[in-house]
């Protein structure tokens, strides 16, 4: 009976220890300073620091088709609070405070990517479906993925 109690206590302690470790890299940024890059059509529109203990402010991004997104930056996090796109999935994504996932509005071709400041960060590249391109870049990308 005492072996069962010791075994149960040991398993419980191990479980609690494992639950306190972050599962994904970048999920716990702790005290590291974060920055957010706002892209539209693959072009960097604005970079900003997500400082803690700052007053919130909003940024309005207008899409080439006339649509708009209102982005709110507040203490250590960023999110889209309003959009006139049909599905409003970008608003439903909520606020982000880590670099795990970007915030994306597909209809307005808007991406908000969070990363640690001073880190080796490579900005994402996007296809803009430029009719003047010959498709060579997309072909090379597909070849690289297939290989």
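The values are calculated or read from the model by the stated rules, or taken from the named source; none is laboratory data. The structure presented is a predicted model; accordingly, all values stated were derived computationally and were not measured. So basically every Cβ, Gly included, is an ideal-geometry build from the backbone, and we count neighbours across all protein chains shown.
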Taking the stretch 24-48 only, how many residues are closer than 24 Å to residue 75 by Cα, assigned to a loop (DSSP other than H, G, I, E, B) and at pLDDT 80 or above? 1
Return a yes/no flag: does the stretch 49-66 have any residue that is assigned to a strand (DSSP E or B) and farther than 17 Å from residue 111 by Cα. yes
Scan the stretch 9-23 for residues that are surrounded by 10 or more Cβ atoms within 10 Å (Cβ to Cβ), part of a helix (DSSP H, G or I) and at pLDDT below 70 and report the count. 0
